Amino acid sequence: MNIILLGPPGAGKGTQAGMLVEKRGMVQLSTGDMLRAARTSGTAMGKRVADVMDRGELVTDEIVIGLIDEALDGAAASGGVIFDGFPRTLAQADALDELLSGKGLSLDAVIELRVDDEALVERITGRYSCGACGAAYHERSKPTKVEGVCDACGSSELNRRADDNEESLRQRLMEYYKKTSPLVGYYHAKGKLRSVDGLALMGDVEAAIAAALEG
Ligand code: ADP
Ligand code: ZN
């Protein structure tokens, strides 16, 4: 089964993708993670996208479509693919259709995580994670037990994303409503859209997604 997780920044796409990977053996393809990895390893492309990402703007369709094209072959052999943060524009959605059909694959469902803007600001401006093991925390709702030390692995390498500040977030939301939210209507028209309440408790969101994938 191949699915898209759709929703604004902070809707919980990454968290839910992680659960699907764990429970169903699916593979998560996150263009955001791929772009951050390119930055960390200092590739030419990584350097080119850094400022754009930090401002909260979208990188070019060409770059992310190329990343997905490369990653898809290996991923498709698994229990299915979760597209997380891709597609984000109608051009990307068209490209995905072509990539999938070219590889003899299909798209089974698009899960929209619905949340309101206030909740997004609250979630994103407080979040940080462990650079060593990836564990996720939040200043107000889920701080580390000992300040500055990861509960899971004891590392003190706790980081905030460069684009998780109010100004970049406002820009990311603008990009979402302008360029990505039209995909909600597009996939609805294709009969693929399933909407779930992204503000419910994590486990309830997980259950709602499982139910949406059955139906
Ligand atoms: P979030 O969903 O929290 O905004 P992501 O990790 O998915 O974060 O993406 C971070 C940034 O990476 C985006 O703001 C954008 O600059 C870039 N990016 C990720 N995926 C795409 C995409 N499909 N198209 C264009 N830019 C992207
Ligand atoms: Zn850790």
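The values are calculated or read from the model by the stated rules, or taken from the named source; none is laboratory data. In this text, all values refer to a predicted model and were calculated from it rather than measured experimentally. Note that we place each Cβ from the backbone using ideal geometry, even for glycine, and neighbour counts take in every protein chain shown. Calculation scope for accessible area: heavy atoms of the full protein, side chains included, ligands and nucleic acids excluded. Shrake-Rupley method; radii C 1.70, N 1.55, O 1.52, S 1.80 Å.
Placing a label point 7 Å from the Cα of residue 132 along the Cα-to-Cβ direction, no residue of the range 1-32 has a backbone N closer than 16 Å. Accessible surface area normalised per residue over the range 7-93 is 43 Å², counting heavy atoms of protein chains with a 1.4 Å rolling probe. Of the accessible area of the chain, computed with a 1.4 Å probe over protein heavy atoms only, carbon and sulfur atoms account for 52 percent. Charging the Cβ of each Asp and Glu at -1 and of each Lys and Arg at +1, and nothing else, the dipole of the range 1-120 about its Cα centre rounds to 380 debye. Seen against the Cα atoms of the chain and their longest principal axis, helix 31-40 is set at about 50 degrees. Of the residues 43, 89, ranked by 1.4 Å probe accessible area with the largest first, the sequence reads 43, 89.
What is the range 43-116 by shape, rounded, prolate or oblate, if you read a ≥ b ≥ c off the alpha carbon gyration tensor as root eigenvalues and call it rounded for a/c under 1.5, prolate for a/b larger than b/c, and oblate otherwise? Oblate shape, in that a/c is at least 1.5 and b/c is the bigger or equal ratio.
With θ taken as phi - 60° and the Karplus curve 6.51 cos²θ - 1.76 cosθ + 1.60 applied, the whole-hertz 3J(HN,Hα) list for the range 91-108 is 5, 5, 5, 5, 4, 5, 3, 5, 4, 5, 5, x, 9, x, 10, 9, 9, 8 Hz, x standing for glycine and proline.
How far is helix 61-76 tilted off the main Cα axis of the chain, in degrees rounded to 10, range 0 to 90? Its long axis makes an angle of about 80 degrees. To test your reading of the geometry: what angle, between 0 and 90 degrees and rounded to tens, separates the Cα axis of helix 13-24 from the longest principal axis of the chain? Roughly 70 degrees between the two axes.
Of 140, 170, the order by accessible heavy-atom surface (1.4 Å probe, DNA, RNA and ligands excluded), from most exposed downward, is 170, 140. Estimated from helices alone, the mean residue ellipticity of the chain at 222 nm is -14500 deg cm²/dmol (sum of -39500 (n - 2.57) over DSSP H runs with n ≥ 4, per residue). Extension gain, residue 114 to residue 181, is 23.0 nm, computed as 0.36 nm per intervening residue step minus the present C-alpha separation.
Loop-located GluC sites (Glu not before Pro) in the range 85-157 (DSSP state other than H, G, I, E, B) with a sparse environment of at most 15 neighbouring Cβ atoms within 10 Å: 139, 147, 157.
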